[in-house]
Amino acid sequence: MNTEPSQPGRAYQVIAGRVESAILSGELKPGDRLPSERELVEQYGVSRPTVREALRLLESNHLVKSRLGDRRGPIVLPASSHSLQKSLTRLTSGDIVGFASLLQFRMIIESAAVVLAATNRSESELLELERANARMRASVELGYEDFSAADFDFHRIVARASGNPLLELSGEAVRESVLNLIQQRIIDSGDSRGQMLASIRHHDELLHAIRHRDGRLASWLTRDGLFWYYYDYVEEKERPGLRSLADEVRPAENAGN
């Protein structure tokens, strides 16, 4: 990891920037460890508080993780959607991007991911999807937050099964942003149970399409399902733009493999 000065700025920012560059370049890989705090102090010729501030910055960006009581250096984390999700949160909280635009983006991202997942998924990933679907059913009685967590897992597995890490990371970020905006409104609506049951029916169909490698049907189910699930939370004037993504005749099922 290069320790020669390469950019101006506060010392802790320079150190964090060098570590980040090493992670992005692949010099440091997920699971690798940084030098210990003492070693970093010696390596960069800075004070212990400066090193700690650099590590705090890296942790806040979900690049590394320190464990309490562990004298070894922080561990490098796998790629995360945190930064993208943080940016989406800023855009939506500042009214730069509305809920309808965010939902439209989710429809596009997830319908693409599910086409690839239907083609690329392994038998072990299919089993993971079946288990996540079962958890959704079991969590209906526990409440919307537990149900939502199981639902999130289902879609995370679909995105991973697509084989495209960009779809996986962007899909995770946009799902979190949608939930941050709308989850409490669903809970307060008084009909969260009805929505959960409708979602289970939708996921049963989606799982069936993925099982039979029917990407075209899975894509339509994703777009149509998202449109109707969030229909009541989108302003009437913005519904046509969303409907244009979902308004197709349901494809006939193929025979699969």
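Couple of notes before you dig in:
- Cα gyration tensor category, rounded, prolate or oblate, for the stretch 96-144 with a/c compared to 1.5: oblate
- Rounded, prolate or oblate (a/c below 1.5 giving rounded, otherwise prolate when a/b exceeds b/c) for the stretch 109-213 by Cα gyration tensor: oblate
- Spherically averaged projected area of the stretch 206-257 from its Cα convex hull (nm²): 3.6 nm²
- Straight-line cross-link reach from Lys237 at under 19 Å between alpha-carbon atoms covers these aspartates and glutamates, not counting any fewer than eight positions away in the same chain: Asp95, Asp224, Asp247.
- Percent carbon-and-sulfur accessible area, the chain, ignoring ligands, DNA and RNA, probe 1.4 Å: 51 percent
- With Cα atoms defining each centre, the stretch 13-77 and the stretch 157-234 are spaced 37 Å apart in the structure.
- Taking every protein chain into account, the accessible area of the stretch 161-207 amounts to 45 square angstrom per residue (probe 1.4 Å).
- The chain: angle of helix 165-188 to the longest principal axis, Cα-based, in degrees nearest 10: 70 degrees
- Here Lys29 is the anchor, and the lysines within straight C-alpha reach of less than 22 Å, apart from those fewer than 8 places off in the same chain, are Lys65.
- Positive-pole candidate from Ala79, Leu217, Leu127, dipole of the chain, charges at beta carbon: Ala79
- Rel. contact order, % - alpha carbon contacts under 8 angstrom, at least six apart, the stretch 104-190: 38 percent
The values are calculated or read from the model by the stated rules, or taken from the named source; none is laboratory data. Keep in mind that what you see is a predicted model, and the values were worked out from it rather than measured. Neighbour counts are summed over all protein chains in view; Cβ atoms, including those assigned to glycine, are modelled from backbone coordinates with ideal geometry. Surface accessibility is based on the protein's heavy atoms, side chains included, excluding ligands, DNA and RNA. Shrake-Rupley method; radii C 1.70, N 1.55, O 1.52, S 1.80 Å.
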